[in-house]
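Asker: Let me begin by handing over the structure; questions about it come next.
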Amino acid sequence: MEKIKEEIRQIAREALTGKKVDIILAWEKGPLWYDSYPAFFTKEEEVDSLTWDSFCINNLSKYLLEETMADKKVGVFVKGCDALAFNQMMQDNRIRRDNVVVYGLPCPGMIDPDKVRAKRLNRGLTEVKQSGDELIFVTKDGEITVPAHEVYYDKCLYCHYPNPVVYDQLIGEKVAAETALDRSERFSQVEALEALSAEERFAYWDSQFSKCMRCFACRNVCPACSCERCTFDDDDLDILGKAREDSEDQFFHLIRAYHVVGRCIDCGECSRVCPQDIPLEKLNRKLIKDINALYGEYQAGLDPSTKAPLVTYQLEDADSFTAGEKGGKGT
Amino acid sequence: MQRVGVFICWCGTNISSTVNIDEVVAAVKNMPGVVYSKDYQYMCSEVGQNLVKDAIKEHNLTRVVVAACSPRMHESTFRKAAKAAGLNPYLLEIANIREHCSWVHKDKKAATQKAISLTKAAVAKAILNQPLIPGEVGVEQRALVIGGGIAGIQTALDIADAGYEVDLVEKTPSIGGKMAQLDKTFPTLDCSACILTPKMVDASMHDKINIYSYSEVEEVNGFVGNFEVVIKQKARSIDMEKCTGCGICLAKCPAKTALSEFEEGLSKRAAIYTPFPQAVPNVPVIDRETCTKFRTGKCGVCAKVCPTGAIDYEQKDERLNQKYGAIIVTTGYDLINLDSFGEYQYADHPDVITGLEFERLVNAAGPTAGKLVRPSDKKKPKKVVFIQCVGSRDKSERGKSYCSKICCMYTAKHAMLLRDKYPDCEAYVFYIDVRTAGKGFEEFQRRAVENYGVNYIKGMVGKIFPTGDKLKVNGVDALSGEVLEIDADMVVLASATQAKPGASDVGRMLSISTDRDNFFTEAHPKLRPVETHCAGIYLAGACQGPKDIPETVAQASAAAAKAIGILSKSKLVNNPCVSQVDESVCSGCLACTKMCPYEAITEKMVEQKVHGKIRRRRVAEVNAALCQGCGGCTVTCRPGAIDLKGFSNKQILAEVDAICQ
C-alpha cells in the first residue's frame, strides 16, 4: 500500500498541476492511528499529506454530491465498495459523470479499530504495514505480525467487489475477489431473525431501535441517502418530533430501510458509524434477500444501466400480494 | 382557522338504519374546526343542496364535508352546490358513510363509530384542502375504433354521420367480424349478410371513415381528447391502389393448403385470399406462411396473372402515427377451445361441430354451398343432436362460469333451419335452462318447439361414442330421470364464448381494466355501461361481455354517442388533482418517471443559487395534461418532493391521524 500511496500522490499532483481536475478527493492522515479521513486537495503542495492505508474506510463517492453539481471537475479515489456507491449515485442521477475522473483502487480490506483494540495492538502503535495476507503492527515495543483477516472489518471479509467496478484509471494490481467468509452467510443472521416469532422479532427490534438517539449518522453516511432534503428533515410533515418516542424511532428505521431498498449496495457503513451499535445491516440484508427472492439476484451499484427492481414493472414479476405466491407468508 | 360545515345524509334508510345519525351529529360538533353541522334525509335533493348552499353563506363556511354516499355518486353534485355558494368546489370533501360503512356493516354501534371516524378523517383532510382551478386542453376531433365487427362498424358509422373523422382498425383482411360468418339471425331469421353487408359498404364509402384492415393498434399514449396511437399496417403484399379485386389471383394460386379462417376450417383457401366474397376492402392479402413464393422463392403466379401489377412481394409492415380524441374498443369475442371436452369427441370426430361451423354449413356461400351434409361423408343427416352450455355456466377449470347468452337462441335457430331444410330429420336439444329474455325471443324459441317439432330435453350429455357411422349420444333426461341414447348423425355444440385471447394485452395497452374472464370492465355496470375507467375510451359489443347482435348494435350507438360528446367539444376541462414537483426538494432520481403509467413525468435541468454558488442539477417535471392523478409517483418519491394536488401527503396523513386518534 505504501508503494501505491506514492503512486496516488503522483497522480494527484499531476492532475492538479495539469488542470485536469479542480479538486482531488482522497484521504488524509489524522492525529490518531486509526484516523484516515476524507480530504479535499486543491493545491499541489497539499498532496504530501494524502494517504492510503488500511484505515481509509470512508467512502468518498458521497462527497461528490455538491462538487459535481457546482460544475467543478473532481478526481476521486474509489475502493470496491466506493465504486458500487458511485454507480448507485449515478443511477440516482446524483453525480454528473462528465465532471468526475474516477481512480480505482483495488482494496485488500480495511482494519476494524475495535478488533485492534481487542487484541491490544493499539498500545504505542505508530504504523501498520501490509505484507501479503499479513499485517505488521509497528509499535514502540516492536513489530507484531497478525493475519490480516483477524483485524479486518467483518464486512470486508464478505466483500465480493474489492476491485472497483467503475474507474477511468486503475491504480495497482487487482486483488483476488475470493471472499474470506462464505458470501451467502451474509443472510444467515437474517434467517435467524426470520425464524423467530413475530413477538420475539418485535421485541428484538424494539430493544435495538430504542437505543437510537437519532443522530442520523447512518443516513448521512449512506450513498443511497443522497436526497436534496431528506423526508425526515421535513418539519412540515410531522413524522419525527424532537422528543424521544419509541414509535418514532421505529418509524425512522423502517422508513430508512425502505427508502434504500433495491438501492442499498450493502457496504455496511450505516452500522459501522452507528454510535449505538444498532445492527442496521440486518434490516438492509433482509430487504436485499427478499428482492433477490422476488425479482432475481440483484446487486445495487454493479451497473447503473440495470433497471432497479422496485421502480420497474415486468409482467412476470412476482405478485407477493397473492397468497401462496412466493413472498407473502399469509400470517 | 378554517370554518368547517358538516352535512350528514340519512340516504332515506340506507345510512340511517345502520348508523345512528344523532350520535354522528353529536360527535361532529366536537371535531376541531367544525362550526356547523346538519343532517337531512336526502342531502342530494334540491332541499338538501340548498341546506349546504345556505349554510356556506350564513355561517361563512370555508370548508364543507358531506357525509353521504360514495363520491362517485354525488361529489360533483355537492361541488356544484359549493360553487354556487361562492366556494371553490375543491374545498368540499365527501365522507363515504354508505358504501364504506352502512351498506357493509350490520352492527349499528360499530357502524356508527366507523361513520364518526370517516367523517372525522374527512374533516381533517378538508381543513388542508386548497382551492384548485382546472385547466383546459384541446380535443383532437377524430375517433379511433378498434375492431371491425358489427359493433365497430356501427360505432364508426354513427360517429362519422355526426361529422367526425373515424379510423376503423381491423386485424383481419376484411371488416365484418363474426356476424359476416353467420347464416341467419334470430329472432327474425333474416340473412345475416343481407343486413350486414350494406353497413360494410356504407362504412367503406363514407368519406369520414378510413378503414385500416389487416392492421393492429400497437401503442396508445396520451389521454382523453389527445390520444397518440401507433397503428401497424401489416404487409398485405398487394398494392391497394392498383388492385381491382378481380380475383384472378385467388383462382390461379396453386398453394391451396391453408384452412379457411372464415369457413371455420371446413374448407381450404389459397395463400392469396380474400376471406369472403363481400369482403371490405375487396383486396386480397398474401398469407406469407403458406405462400410458395415466400416459402421457397419460386412461384410468383399471382404476380404473373395480375392484370394491374398490384402484387408486391417486397411490401413491408408500415406504422402510422395518428392522434385521436376518443377511442372505442370493439374487439369482439371468440369461442372457447374444446380440447378439454373430450367426452363430446369434437377434436376426434368431424361430425361433431360447433354452432359457428353449423352456420357455415347451412350458408349458401359456405363450403357446401348451403347443402347441409355431414362433414365426414357428405351425407344428409337424419338425426342431429344439439348440446347447449358446452363450457358455459361451468364453474370447473375448463369452462366459464357465465352464461354465453346467445346459444339458447342460436340453437333454436339452428334446429329450425334444420327442420326447415329437412322436415324428416329429427332434432334434439339438450339444455340446462332455456333463456330467452329479449324482444320476440321467447316466441321464437316456442316456435321451434311447437311449430318445428324440435325435441327439447332438459339434461346434459354424458358422453358421445362414435359407433359405426353414428354418434351414440348418451344423456339423461333430468325431468323423467330416463337415460337416453340417441343414434345421431351429427352433433352441434353450443360452445361457450370467451374474451379474445389478447384482450388483457389490449387492456394493458389502453390502461383499461378487464374482469376475471378478461372481458373489459365498464365504468359502472348499470349507469356507465359503455364507458371505461379511462376517460375517452369506450366499449361496445362482446368484448365487454357476451352479447347478441341487437344488444351489440345498441351499445355501439351508445358508445358512439359518448365519443361524439367528447369530439363535439373544442376544449376539455382538466382534472386539477394532478401531481406537482417541489423542485427545491426533488433530487432528480427520476424514480417517478419510471413508475408513471401515463408517461406524464419528464426530466429537466435546473440551476439553483445556494450560498452564492450555482448548482446545476436534474429534477422531475409533471405534464399536467398527461397526469391522471393516480398518485403512484407520490409514494415512489422518497423525499416527498412530488405531491398530488387535492390528495397531498399531508392531507392523507391528517386523515390517518384523525382515524387513529
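Asker: Among the numbered conditions (1) within 29 Å of A:Lys79 (Cβ to Cβ); (2) of a type outside the set (A, V, I, L, M); (3) within 14 Å of chain B (Cβ to nearest Cβ), tell me where A:Asp234 comes up short.
Answerer: (1)
Asker: Related question: Given the condition modelled with pLDDT under 90, over 14 Å from A:Tyr167 (Cα atoms) and either in contact with a strand residue (DSSP E or B) (Cβ under 7 Å, 6 or more places away or on another chain) or not assigned by TED's automatic domain parsing to the domain that holds A:Glu7 (or both), answer yes or no: does some residue in the range A:71-82 qualify?
Answerer: Yes.
Asker: Name, by its number, the condition in (1) among the β-branched types (Val, Ile, Thr); (2) at pLDDT 90 or above; (3) over 30 Å from B:Ile94 (Cβ atoms) that does not hold for B:Val610.
Answerer: Of the numbered conditions (1) among the β-branched types (Val, Ile, Thr); (2) at pLDDT 90 or above; (3) over 30 Å from B:Ile94 (Cβ atoms), the odd one out for B:Val610 is (2).
Asker: B:Gly545 - would you say it is part of a loop (DSSP other than H, G, I, E, B), away from chain A (no Cβ under 14 Å) and modelled with pLDDT of 95 or more?
Answerer: In short, yes.
Asker: Only one of B:Gly475, B:Gly536 is among the small types (Gly, Ala, Ser), surrounded by 15 or more Cβ atoms within 10 Å (Cβ to Cβ) and in the same structural domain as B:Tyr324 (by TED's automatic domain parsing); which? Break it down stepwise before answering.
Answerer: Working: B:Gly475 fails: in the same structural domain as B:Tyr324 (by TED's automatic domain parsing).
Result of the check over B:Gly475, B:Gly536: B:Gly536.
For (1) more than 30 Å from B:Asp22 (Cα to Cα); (2) modelled with pLDDT under 95; (3) surrounded by 24 or more Cβ atoms within 10 Å (Cβ to Cβ), each residue gets a yes or a no:
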| residue | (1), (2), (3) |
| --- | --- |
| B:Gln113 | no, no, no |
| B:Leu128 | no, no, no |
| B:Val137 | yes, yes, no |
| B:Gly149 | yes, no, yes |
| B:Ala160 | yes, no, no |
| B:Glu165 | yes, no, no |
| B:Leu168 | yes, no, yes |
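Asker: Can you tell which of A:Asp112, A:Asp82, A:Asp98, A:Asp92 is surrounded by fewer than 19 Cβ atoms within 10 Å (Cβ to Cβ) and either at negative phi or within 14 Å of chain B (Cβ to nearest Cβ) (or both)?
Answerer: A:Asp98
Asker: Among the residues of the range B:338-364, which ones are crowded, with 16+ Cβ neighbours inside 10 Å and either part of a loop (DSSP other than H, G, I, E, B) or without any contact (Cβ under 8 Å) to a residue 40 or more places away in the chain (or both)?
Answerer: B:Leu338, B:Phe341, B:Gln345, B:Tyr346, B:His349, B:Asp351, B:Asn363
Asker: Let me ask you something else. Looking at this structure, is B:Leu144 part of a strand (DSSP E or B) and touching an Asp or Glu at 6+ places or on another chain (Cβ under 6 Å)? Lay out the reasoning, then the answer.
Answerer: Details: part of a strand (DSSP E or B): yes; touching an Asp or Glu at 6+ places or on another chain (Cβ under 6 Å): yes.
Criteria met by B:Leu144.
Asker: With the range A:78-195 as the region, which helices (runs of 4 or more DSSP H) entirely inside it contain at least 1 residues that are over 21 Å from A:Thr51 (Cα atoms) and polar (S, T, N, Q)?
Answerer: Those helices (runs of 4 or more DSSP H) span A:80-91, A:188-194.
Asker: Follow-up. Mind checking which residues of the range B:585-631 are in a loop (DSSP other than H, G, I, E, B) and at the interface with chain A (Cβ under 7 Å from one of its Cβ atoms)?
Answerer: Within the range B:585-631, B:Val585, B:Cys586, B:Ser587, B:Gly588, B:Cys589, B:Leu590 meet the criteria.
Asker: Let me ask something else about it. Quick check on this structure: which one of A:Ala26, A:Ala118, A:Ala70 is without any contact (Cβ under 8 Å) to a residue 12 or more places away in the chain, within 22 Å of A:Cys222 (Cα to Cα) and among the small types (Gly, Ala, Ser)?
Answerer: A:Ala70
Asker: Within the range B:632-661, count every residue that is more than 14 Å from chain A (Cβ to nearest Cβ) and of a type outside the set (Phe, Trp, Tyr).
Answerer: Here the count works out to 4.
Asker: Select from the range A:220-275 the residues that are β-branched (Val, Ile, Thr) and in contact (Cβ under 8 Å) with a residue 40 or more places away in the chain and write down the one among them that is nearest to A:Arg183 (Cα to Cα).
Answerer: Start the filter on the range A:220-275 by keeping residues that are β-branched (Val, Ile, Thr), which leaves A:221, A:231, A:239, A:255, A:260-261, A:265, A:273.
Narrowing further to those that are in contact (Cβ under 8 Å) with a residue 40 or more places away in the chain: A:221, A:261, A:265, A:273.
Numbers: A:Val221: 23, A:Val261: 19, A:Ile265: 14, A:Val273: 22 Å.
That would be A:Ile265.
Asker: May I ask you to list pairs of residues, at least six apart or on different chains, whose Cβ atoms are under 9 Å apart, with the first in the range B:197-219 being closer than 30 Å to B:Asp505 by Cβ and the second being hydroxyl-bearing (Ser, Thr, Tyr)?
Answerer: Pairs that qualify, where the first residue is closer than 30 Å to B:Asp505 by Cβ and the partner is hydroxyl-bearing (Ser, Thr, Tyr), are B:Met200/B:Ser174; B:Lys208/B:Tyr164; B:Ile211/B:Ser204; B:Ser213/B:Thr172; B:Ser213/B:Ser174; B:Tyr214/B:Thr172; B:Tyr214/B:Ser174.
Asker: Within the range B:562-578, identify whether any single residue is β-branched (Val, Ile, Thr) and within 12 Å of chain A (Cβ to nearest Cβ), and answer yes or no.
Answerer: Among the residues of the range B:562-578, not one is β-branched (Val, Ile, Thr) and within 12 Å of chain A (Cβ to nearest Cβ), which makes the answer no.
Asker: Residue by residue through the range B:20-43, note down the ones that are closer than 15 Å to B:Val66 by Cα, in a loop (DSSP other than H, G, I, E, B) and either touching a Gly at 6+ places or on another chain (Cβ under 8 Å) or of a type outside the set (Gly, Ala, Ser) (or both).
Answerer: Result: B:Met31, B:Gln41, B:Tyr42, B:Met43.
Asker: Please go through the range B:196-222 and give me each residue that is more than 22 Å from the chain's Cα centre (by Cα) and modelled with pLDDT under 95, ordered by number.
Answerer: none
Asker: Here's a follow-up. Among the residues of the range A:26-37, write down those that are buried (at least 16 other Cβ atoms within 10 Å of the Cβ) and either outside the structural domain of A:Asn58 (by TED's automatic domain parsing) or not hydroxyl-bearing (Ser, Thr, Tyr) (or both).
Answerer: A:Ala26, A:Trp27, A:Glu28, A:Lys29, A:Trp33
Asker: Considering B:Pro597, B:Pro576, which residue is within 29 Å of B:Pro131 (Cβ to Cβ), loosely packed, with under 14 Cβ neighbours inside 10 Å and out of contact with any strand residue (DSSP E or B) (no Cβ under 9 Å at 6 or more places or on another chain)? Reasoning before the result, please.
Answerer: Working: B:Pro576 fails: loosely packed, with under 14 Cβ neighbours inside 10 Å.
Going through B:Pro597, B:Pro576 in turn, just one is within 29 Å of B:Pro131 (Cβ to Cβ), loosely packed, with under 14 Cβ neighbours inside 10 Å and out of contact with any strand residue (DSSP E or B) (no Cβ under 9 Å at 6 or more places or on another chain): B:Pro597.
Asker: I want to confirm something. Restricting to the range A:196-219 and keeping residues that are touching a residue at least 24 places away in the same chain (Cβ under 8 Å) and not in a loop (DSSP other than H, G, I, E, B), which single residue is farthest from the other protein chains (Cβ to nearest Cβ)?
Answerer: A:Gln208
Asker: Out of the range A:50-73, which residues are more than 14 Å from chain B (Cβ to nearest Cβ), touching a Leu at 6+ places or on another chain (Cβ under 8 Å) and over 27 Å from A:Gly132 (Cα atoms)?
Answerer: The initial filter retains those residues of the range A:50-73 that are more than 14 Å from chain B (Cβ to nearest Cβ), namely A:50-61, A:63.
Filter once more, keeping what is touching a Leu at 6+ places or on another chain (Cβ under 8 Å): A:52, A:54, A:60, A:63.
Within the range A:50-73, A:Tyr63 is the sole residue that qualifies.
The values are calculated or read from the model by the stated rules, or taken from the named source; none is laboratory data. This structure is a prediction, so every number in the text was calculated from the model and none was measured. Glycine gets a Cβ as well: all are built from the backbone with ideal geometry, and neighbour counts include every protein chain shown.
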